[in-house]
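Participant: Right, I'll just put the structure down here and ask away after.
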């Protein structure tokens with residue numbers, strides 16, 4: 001486990017999954033069908049429980065230029081700058097359950113932001129940073 005600092009907010013546009021975990025793949029596929037791939041763009045998965053305890057999952061992509069993604073009708077969210085606890089899952093496609101196990105460990109930490117998301121940051125085709133924001 002390591003600490004990671006985001007020095008700036010990140011504006012992302014999201015496609016909400018119809019269910020969790022079953023709808024996660026299709027949410028990412030829909031997002032990628034709407035948004036042109038760019039190696040400069042950051043891609044995420046955001047999740048947290050609603051008031052009934054049901055996990056809501058959103059596939060998300062960073063806006064690179066102001067206004068470029070606003071025409072797609074996607075939900076806009078700001079990933080807040082700050083300090084995050086992070087577990088890196090290598091070769092995640094070979095071990096998808098490792099992502100869930102990483103988040104179980106992270107959400108058990110005593111100092112996480114109760115209003116924050118569990119964030120999957122897909123840094124490349126093989127590695128994902130599983131992150132939770134710490135209280136400021």
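Participant: Would you be able to say whether some residue in segment 90-110 is closer than 28 Å to residue 136 by Cα and part of a strand (DSSP E or B)?
Facilitator: no
Participant: Considering (1) closer than 18 Å to residue 50 by Cβ; (2) modelled with pLDDT under 95; (3) surrounded by 11 or more Cβ atoms within 10 Å (Cβ to Cβ), say which one residue 114 fails and leave the rest.
Facilitator: For residue 114, the failing item is (3).
Participant: Right, another one. So residue 87 fits all but one of (1) part of a loop (DSSP other than H, G, I, E, B); (2) in contact (Cβ under 8 Å) with a residue 40 or more places away in the chain; what number is the exception?
Facilitator: The one condition residue 87 does not meet is (1).
Participant: Let me ask something else about it. Looking at segment 39-57, can you tell me whether even one residue there is farther than 20 Å from residue 97 by Cα and in contact with a helix residue (DSSP H, G or I) (Cβ under 7 Å, 6 or more places away or on another chain)?
Facilitator: No, that holds for no residue.
Participant: While we're on this one: Among the residues of segment 117-136, write down those that are assigned to a loop (DSSP other than H, G, I, E, B) and either free of Cβ contacts under 8 Å to residues at least 40 places away in the same chain or surrounded by fewer than 16 Cβ atoms within 10 Å (Cβ to Cβ) (or both). Break it down into steps so the answer makes sense when it comes.
Facilitator: Residues of segment 117-136 that are assigned to a loop (DSSP other than H, G, I, E, B), as a first pass: 117, 123-126, 135-136.
Correct list: 123, 124, 125, 126, 135, 136.
Participant: Check every one of the strands (runs of 3 or more DSSP E) wholly within segment 1-64 and list those with 1 or more residues that are free of Cβ contacts under 8 Å to residues at least 24 places away in the same chain, surrounded by 11 or more Cβ atoms within 10 Å (Cβ to Cβ) and touching a strand residue (DSSP E or B) at 6+ places or on another chain (Cβ under 6 Å).
Facilitator: 43-49
Participant: Pick from 79, 87: which is surrounded by 17 or more Cβ atoms within 10 Å (Cβ to Cβ), under 17 Å from residue 9 (Cα atoms) and at pLDDT 95 or above?
Facilitator: Going through 79, 87 in turn, just one is surrounded by 17 or more Cβ atoms within 10 Å (Cβ to Cβ), under 17 Å from residue 9 (Cα atoms) and at pLDDT 95 or above: 79.
The values are calculated or read from the model by the stated rules, or taken from the named source; none is laboratory data. Please read these numbers as outputs of a predicted model, since none were measured by experiment. Quick reminder, even Gly has a Cβ in these numbers, built from the backbone with ideal geometry, and neighbours come from all protein chains shown.
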